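Written below as structure tokens is the structure these notes are about.
The values are calculated or read from the model by the stated rules, or taken from the named source; none is laboratory data. Worth saying up front: this structure is predicted, and the values here are computed from it rather than measured. Quick reminder, even Gly has a Cβ in these numbers, built from the backbone with ideal geometry, and neighbours come from all protein chains shown.
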Amino acid sequence: MLRENGIRQSMSRAGCPYDNACSESFFATVKKECIYLKNYATIDKVKADVFEYIELFYNFV
């Protein structure tokens, strides 16, 4: 499924756990602090809420 959508699963050599650690940490944070706190009716509402979370809270300067 990843290949069908042009996504590379890993950019590191096999057995290296560090290449995805930052991404996994970020997505875990988004899930805990944003997504799991609400029930969404549509995927568009999820997208809008995640965008708002990232732009207004996570990347706040």
How do the pairs read when you match residues in the stretch 12-36 that are farther than 28 Å from Val46 by Cα and small (Gly, Ala, Ser) with residues anywhere that are modelled with pLDDT under 90 and surrounded by 11 or more Cβ atoms within 10 Å (Cβ to Cβ), using Cβ under 7 Å and keeping only pairs 6 or more apart or on different chains? Ser12/Asp19
Selected residue [of a type outside the set (Val, Ile, Thr), at pLDDT below 85, surrounded by fewer than 11 Cβ atoms within 10 Å (Cβ to Cβ) and within 14 Å of the chain's Cα centre (by Cα)] from Ala14, Ala21: Ala21
Flag if Lys47 is surrounded by 11 or more Cβ atoms within 10 Å (Cβ to Cβ), modelled with pLDDT of 90 or more and either outside any loop (DSSP other than H, G, I, E, B) or β-branched (Val, Ile, Thr) (or both): yes
